[in-house]
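Below is one structure; the comments refer to it alone.
The values are calculated or read from the model by the stated rules, or taken from the named source; none is laboratory data. Given the structure is predicted, the values throughout are model-derived calculations rather than measurements. FYI the Cβ positions are ideal-geometry reconstructions off the backbone, even for glycines, and counts take in every protein chain you see. Ligands, DNA and RNA are excluded from the accessible area calculation, which covers all protein heavy atoms including side chains. Shrake-Rupley method; radii C 1.70, N 1.55, O 1.52, S 1.80 Å.
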Amino acid sequence: MKTLVRFLRKKRWLILFLLFALFIAGWFVYKTSHEIIKDKNPVVEIKTKSRTEFGIQIDSMVMIHDQVEENQNITQLLMSYGVSAQMADSLVRKCDTVFDVRKIRAGNNYTVLLKNDTSQALQYLIYEQNTTEYVVFVLKDSVHVHKGEKEIQRKTITSTGEIKSSLWQAIEERGLSRELALGLEDVYQWSIDFFGLQNGDHFKVIYDELSVDGKSVGIDKIHAACFNHYGQDYFAFFFVTDSFGKYYNEKGESLKKAFLKAPLKFSRITSRFSRSRLHPILKIRRPHFGVDYSAPSGSPVFTIGDGTIVYKGYMGGGGNSLKIKHGGGFTSSYMHLRGYAPGIRQGTRVRQGELIAFVGSTGLSTGPHLDFRMYKGSTPIDPLKVVSPPAKPINEQDKARFKTVVDKYMPLVK
């Protein structure tokens, strides 16, 4: 045993060398065998899915995105990418029946696709008219111009919000589309006074959001909503009857009423109906039988209901004014106007929500605002307390179908 140990100590370098040689030989055999297998099974190249934008396969071209500069026309744009003046002129002439090149706007996006070689010749120029529509100038094979439209994706969204000061602030705080605020105001314009919201009011709404290229471009239809105002739930369900889509509450009663809650969309109440108010200019106490809405000069004023204009003119302290006679013995009055909408004159028939005038500061006024009043016969009434008769409810034959809509959305918005 001792003799073997002495032998191994003397020959240890020889042993290490032999082990290393065996390792190299083994690796060589392994490598050679795998090369043979590889030769028998050639590698297959898997191509990635080709990219398409604006209806064009773009993976074999160089793409550049930019914006139209101030005072830049389509001819200059084409020539800036190496297109000859003659070719650019030919393309512009081909636009006559497709697109008015005079309407190209500074700041709008455009995309150019160039040949992926040393020439980098322009193959396509795509001018985006708006979010969805575009015009394609083709120089690749045959020179021509055509229009296109991006695909709009639709996704159903459920959103909530709580009022701290206004609906618009609640919408912005949640990062929601401003169009949602407009949509909710349109749905509830007969039921809720959006200038009288209180801290703690809240809403839940189910709607379709539209997007193009993954970016939101607004909302489409509100399917259902619940707006809690002063502790009371106001439900709204979209339902199509007689080929028209309208909003109804959970009982099938139309949300549309004879009168809108307010004649302005964006404003705030600065003075309410009162039988004794200190006049800001005359400094005397006298009745103020109306509601003052503060708004920027020129803000649009809408009629609260169908009716006929019975007065248009200058009314002393009321300045430029309008009076509209409605059904049921009601009259509405709009004062301190800057001016009137086109076509508005005494005797004109107007429809609910129609533009009739613009906020001003005429007459006895300390600043731009609308003095809005209502009368029942000759008696002034508080516009904020008018009980407006509803429109036609759900037809008897549609009630079962309407119930399925309520059953579907009620648990989601309640």
Boolean, G290 is more than 16 Å from I269 (Cα to Cα) and either modelled with pLDDT under 95 or of a type in the set (S, T, N, Q) (or both): no
Residues satisfying the stated conditions in region 136-179, i.e. assigned to a helix (DSSP H, G or I), surrounded by fewer than 19 Cβ atoms within 10 Å (Cβ to Cβ) and touching a helix residue (DSSP H, G or I) at 6+ places or on another chain (Cβ under 7 Å): W168, R178
F99 assigned to a strand (DSSP E or B), among the aromatic types (F, W, Y) and buried (at least 16 other Cβ atoms within 10 Å of the Cβ): no
Some residue of region 354-362 being out of contact with any His (no Cβ under 8 Å at 6 or more places or on another chain) and among the polar types (S, T, N, Q): no
Strands (runs of 3 or more DSSP E) contained entirely in region 350-403, each with at least 3 residues that are of a type outside the set (A, V, I, L, M) and under 30 Å from G317 (Cβ atoms): 369-376
Single unsatisfied condition, E250 versus (1) of a type outside the set (A, V, I, L, M, F, W, C); (2) in a loop (DSSP other than H, G, I, E, B); (3) modelled with pLDDT under 95: (3)
Residue check for A88: open to solvent by less than 40 Å² (accessible area, probe 1.4 Å) and either outside any strand (DSSP E or B) or of a type outside the set (D, E) (or both): yes
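Per-residue answers, yes or no, for (1) open to solvent by 20 Å² or more (accessible area, probe 1.4 Å); (2) part of a strand (DSSP E or B); (3) modelled with pLDDT of 90 or more; (4) more than 24 Å from T303 (Cα to Cα):
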site: A181; (1), (2), (3), (4): no, no, yes, no
site: D193; (1), (2), (3), (4): yes, no, no, no
site: G196; (1), (2), (3), (4): no, no, no, no
site: D220; (1), (2), (3), (4): yes, yes, no, yes
Positions within region 394-414 being open to solvent by less than 70 Å² (accessible area, probe 1.4 Å) and either under 23 Å from C226 (Cβ atoms) or among the aromatic types (F, W, Y) (or both), in sequence order: I394, D398, F402, V405, V406, Y409, M410, V413
Those residues of region 222-247 which are within 26 Å of E396 (Cα to Cα), open to solvent by less than 30 Å² (accessible area, probe 1.4 Å) and modelled with pLDDT of 90 or more, in sequence order: I222, H223, A224, A225, C226, F235, A236, F237, F239
Pairs where the first residue, in region 319-347, is in a helix (DSSP H, G or I) and the second is of a type in the set (G, A, S) and loosely packed, with under 12 Cβ neighbours inside 10 Å, C-beta under 8 Å, 6+ apart: G329/G377
Residues located in region 163-189, provided they are under 17 Å from N199 (Cβ atoms) and of a type outside the set (D, E): I163, K164, S165, S166, L167, W168, Q169, A170, I171, R174
